[in-house]
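The values are calculated or read from the model by the stated rules, or taken from the named source; none is laboratory data. This is a predicted model, so every value here is computed, not measured. Using ideal geometry, Cβ is built from the backbone for each residue, glycine included, and neighbour counts are taken over all protein chains shown.
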Amino acid sequence: MNTQSTNAQAARRTEFVGTFIKASGAARTMRFVTSPDKLRVGGLITVFDVERRGLRKFNLTTLVGRLSAVTPDGQLSFCA
């Protein structure tokens, strides 16, 4: 993969913070990276957990409140 395509892929991914209810009933807050297009699909999506440094599932169906996008300077901005 060349540098241009790698940079283009990175530009299409955004870091988010959100809380959802796990199957066990416990709330889980996760800071993750994914493509904004995946969020439109809904349901259970695969994301990269920034803190645990691995792939995880995020359940948009049981989302608590709203997702927040993390800007490049580390500030949070709320998503619709």
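Which one is modelled with the lowest pLDDT, of the residues in the stretch 2-19 that are of a type in the set (D, E, K, R) and not in a strand (DSSP E or B)?
Residues of the stretch 2-19 of a type in the set (D, E, K, R): 12-13, 15.
Applying the additional criterion that residues be not in a strand (DSSP E or B) yields 12-13.
Numbers: Arg12: 58, Arg13: 70.
The extreme case among them is Arg12.
Looking at this structure, is Val47 modelled with pLDDT of 95 or more, β-branched (Val, Ile, Thr), closer than 21 Å to Ile21 by Cβ and surrounded by 15 or more Cβ atoms within 10 Å (Cβ to Cβ)?
yes
What are the pairs, 6+ residues apart or on separate chains, where a residue within the stretch 59-80 that is at pLDDT below 95 has its Cβ under 7 Å from a residue that is among the polar types (S, T, N, Q) and not in a strand (DSSP E or B)?
Partner pairs satisfying both residue conditions: Ser77/Thr71.
Are any residues in the stretch 24-42 touching a residue at least 12 places away in the same chain (Cβ under 8 Å) and assigned to a loop (DSSP other than H, G, I, E, B), and if so, which ones?
Within the stretch 24-42, Ser35, Gly42 meet the criteria.
I'm trying to understand the selection: among the residues of the stretch 20-43, which are modelled with pLDDT under 95, surrounded by fewer than 13 Cβ atoms within 10 Å (Cβ to Cβ) and of a type in the set (A, V, I, L, M)?
If the condition is that a residue be modelled with pLDDT under 95, surrounded by fewer than 13 Cβ atoms within 10 Å (Cβ to Cβ) and of a type in the set (A, V, I, L, M), then Ala23, Val41 are the ones that fit.
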